[in-house]
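Below is one structure; the comments refer to it alone.
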Amino acid sequence: RDYKVTGVQTCALPIWLLGNWWISDSENKKSSLVIAILPGSPVPAFERDQIEAGILANRINGTIFVTDPNHMRLDWNVALTLNRGAPMQIAGYSDVRLHPNGVLNGIDYPFGLPSKTWTARKIQPTK
């Protein structure tokens with residue numbers, strides 16, 4: 001546990017979580033989730049890319065708080081530009097649990113917007 005992070009205790013990130021995950025969400029959009037421990041950082045981080053029509057639509061970065069080996073929370077804040085060109089800042093968190101079959105089940109909770117469910121499967125590294 002880390003005692004230096006403004007009074008918040010964080011658990012070590014389970015090794016099985018590190019790496020790349022492929023997300024399918026409730027709106028049938030695709031995105032990828034990269035979970036990593038950044039050098040010199042006491043708190044693990046994630047990067048999530050939203051892919052639409054083969055093009056990167058937006059990238060969300062944030063921190064991970066591990067509750068137990070099968071449960072974590074992703075805290076994020078992202079600037080989006082909507083179709084009408086109006087930029088807006090969206091903050092929120094994702095509640096993520098590991099299913100026994102090795103799939104991540106997540107629920108996004110953007111503040112002030114409806115929640116959204118998704119699942120993610122680990123991308124096996126190519127040999």
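The values are calculated or read from the model by the stated rules, or taken from the named source; none is laboratory data. Just so it is clear, the model here is predicted, and its values are computed rather than measured. Cβ coordinates were reconstructed from backbone atoms using ideal geometry, including for glycine residues, and neighbour counts include every protein chain displayed. Note: areas computed on protein heavy atoms with side chains; ligands, DNA, RNA excluded. Shrake-Rupley method; radii C 1.70, N 1.55, O 1.52, S 1.80 Å.
Protein chains only, probe 1.4 Å: how do I15, I23 rank by accessible area, largest first?
Numbers: I15 135, I23 0 Å².
Sorted descending by solvent-accessible area, the residues read I15, I23.
In nm, to one decimal, how far is the T117 label point from the A86 one, both placed 7 Å along Cα→Cβ?
3.0
Under the Karplus relation 6.51 cos²θ - 1.76 cosθ + 1.60, θ = phi - 60°, what is the ordered set of whole-Hz ³J(HN,Hα) values for the stretch 89-102, x standing for Gly and Pro?
9, 10, 10, x, 8, 10, 9, 10, 10, 8, 7, x, 7, x
With a 1.4 Å probe and all protein chains left in place, how much of the accessible area of the stretch 54-118 comes from carbon and sulfur atoms, in whole percent?
The nonpolar share, carbon plus sulfur, comes to 56 percent.
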